[in-house]
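The structure under discussion appears below in the form of structure tokens.
The values are calculated or read from the model by the stated rules, or taken from the named source; none is laboratory data. In this text, all values refer to a predicted model and were calculated from it rather than measured experimentally. Every residue, glycine as well, gets a Cβ built from its backbone with ideal geometry; the counts of neighbours run over all protein chains shown. Keep in mind that these areas ignore ligands, DNA and RNA; they rest on the heavy atoms of the full protein, side chains included. Shrake-Rupley method; radii C 1.70, N 1.55, O 1.52, S 1.80 Å.
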Amino acid sequence: MDFGLNEELTMFHRAVRSFCEKELKPHASTAHETGELNWDAIRKMPSLGLTGLQVPEQYGGVEMNTLGAAIAVEEIGRVCGSTGLTISAHNGLGCGPLLNWGTDDQKERFLPLLTSGEKLGALALTEPQAGSDLLSGAQTKAVRDGDEWVINGTKAWITNAAWAPVITVLLRTDADTGSRGFSMMLIETDREGFTIHPPEKKMGLNASKSHMLTFENVRVPASNLLGKEGDGFYQTMQTLDNGRISIGALSVGLAQGAFEAMVQYAMDRTAFGEPIASKQLIQEKIANAAMEIEAARTLVYKAAWYKDTGKNITKIAAIAKLKATEVAERVSFDAVQVHGSAGYSREYPVERIYRDQRLMSIGEGTSEIQRLVIARNVLKEFDAGIPMPS
Ligand SMILES: Cc1cc2nc3c(=O)[nH]c(=O)nc-3n(C[C@H](O)[C@H](O)[C@H](O)COP(=O)(O)OP(=O)(O)OC[C@H]3O[C@@H](n4cnc5c(N)ncnc54)[C@H](O)[C@@H]3O)c2cc1C
């Protein structure tokens, strides 16, 4: 086994770290307070490939493997959760389905726009009545009319929608066929009858925006179908498997940011005549955080490696996401605690991280759903005999 990054990934990692330190970290608090992303930094991201992490160079990306993409998202999340979610959703949910199932024509039309640093990508699955249970709950539908599809319905919580030239939307194309009754379509955001509503008011990730979308007789050409008719549910599950590695990476980044702030504060803050870092109860929090972050990162990297070596990632991606999101929660809680009253102040980054991380155990499959996915896969494996550790 080799736990080290190769030379290319090591250099990429360093370049992303230095970009984030220079371009994102100094503005993270302002982004949190004003609710505005630092677009100057986003416009510079194409030079490093951050707006096209897994997109081939011909469309403006750097075609990193999954591990490289995870490292980049982790580094962005370490300094700014809002930008982390924006870029994670853009790459994984926005560019991902187009890369996996787009025709050459669809890729040529949309990917250069998405990697330009001027626009962002989005994926619309969730509806007001359906999040975890898309299969029986999702009602937004597309009905064939000659050479066009006519779309009606509502999607909810769609990240990056207002910055997207095109959104991949999960639609019911056949009411009677269960999981085969869904298809994915590319909907340009300037289509008549399509409305992007004002951003949701959230508890954190203030500069990342999520919107309700409504479709009233929106017409798109048949050629906007992404992949095959009837494949939409399968495409959704595959996209979410990949997305879970990214949310896991983002959670590791958030935990790492909280950890660094916690250790620094513990060394600087004096109580009872010495730095609080010398108190053993504070050291316990530092040790627990170091151990938990290491474990979460190792799982996320392992899930990425599974993906890059063509293995099935459903179980390991759910394990990695679940672990990393729970670690982000615990570490950011302790980071606030170690800061005392300063941790409750918006002057320090840990308050922001504590809010930002809260989404991670909800978005792209809640923790309950991850546990169901893990247990279902474990039971299936045991059906075939007690498996060797892998
Ligand atoms: C900031 C933000 C950004 C988002 N971005 C996007 C986006 O870009 N695109 C998109 O499509 N969606 C997006 N979402 C939606 C997100 O994916 C859903 O919120 C999530 O899947 C959960 O769905 P829900 O909110 O409908 O919760 P529900 O499905 O209603 O679940 C409510 C509770 O019930 C639990 N539950 C549900 N079913 C079970 C079960 N079988 N067993 C045990 N417990 C269960 C859940 O775990 C949860 O605790 C975003 C959400 C947020 C908050």
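Computed values, structure above
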| quantity | calculated |
| --- | --- |
| DSSP bridge orientation in region 125-204 - percent antiparallel, rounded to nearest 5 | 95 |
| For the chain: rounded, prolate or oblate by the Cα gyration tensor [a/c cutoff 1.5] | prolate |
| Amide hydrogen neighbours beyond the local backbone of Val218, cut-off 5 Å, H modeled | Ile151 |
| Region 246-390, relative contact order [Cα under 8 Å, separation at least 6], % | 31 |
| Highest-fluctuation residue, Asn377, Asn217, Asn91 considered, GNM on the chain with Cα pairs under 10 Å | Asn377 |
| Dimensionless Rg over Rh [region 345-390; C-alpha; Kirkwood] | 1.32 |
| Average Cα contact separation per residue, region 142-204, under 8 Å, 6 or more apart, as relative contact order % | 26 |
| Cut-off of 10 Å, at most 14 other beta carbons, DSSP loop: longest stretch of the chain lacking such GluC sites (Glu not before Pro) | 201-346 |
| Shape of region 283-390, Cα gyration tensor, a/c cut at 1.5 | prolate |
| Whole-Hz ³J(HN,Hα) from phi, Karplus 6.51 cos²θ - 1.76 cosθ + 1.60, for region 132-138, glycine and proline x | 5, 9, 5, 4, 9, x, 5 |
| 3J(HN,Hα) from dihedral phi, region 234-240, Karplus parametrisation 6.51/-1.76/1.60, rounded to Hz, x for glycine, proline | 5, 4, 5, 4, 5, 5, 5 |
| Computed over the chain: relative contact order in percent, which uses C-alpha pairs under 8 Å that are six or more apart | 16 |
| Accessible area, probe 1.4 Å, largest first, for residues Ser29, Ser132, Ser390 | Ser390, Ser132, Ser29 |
| Region 257-303: chymotrypsin sites (Phe, Trp or Tyr not before Pro) falling in loop per DSSP and having at most 14 other Cβ within 10 Å | Phe272 |
| Relative intensity, log₁₀ I(q)/I(0), of region 4-163 from a Debye sum that treats every alpha carbon as a point, q = 0.20 Å⁻¹ | -1.28 |
| Diffusion constant of region 150-289 at 10 °C, which comes from Stokes-Einstein with the Kirkwood Cα-pair radius and 1.306 mPa s, µm²/s | 85 |
| Mean-position separation - Cα centroids, region 77-107 and region 32-53, in angstrom | 13 |
| Distant-in-sequence amide H partners of Val55 (H built 1.01 Å from N, under 5 Å) | Val62, Glu63, Met64 |
| Choice from Ala289, Ala335, Ala277 with maximal GNM fluctuation in the chain (Cα, 10 Å cutoff) | Ala277 |
| Electrostatic dipole magnitude of region 221-343 [Cβ: Lys, Arg +1; Asp, Glu -1; Cα centre; debye, to 20] | 300 |
| Spatially near lysine pairs across region 123-235, Cα under 22 Å, sequence gap of 8 or more or different chains | 7 |
| Choice from Val327, Val143, Val73 with maximal GNM fluctuation in the chain (Cα, 10 Å cutoff) | Val143 |
| Amide proton proximity set for Leu226, modelled H, under 5 Å, gap of 5+ | Met184, Met185, Leu186 |
| Note, ³J(HN,Hα) from phi for region 359-371, Karplus 6.51, -1.76, 1.60, rounded to Hz, x at Gly and Pro | 5, 4, 8, 10, x, 6, x, 5, 4, 4, 5, 4, 5 |
| Tensor-based shape of region 113-185 (alpha-carbon gyration tensor, a/c under 1.5 rounded, otherwise prolate or oblate) | oblate |
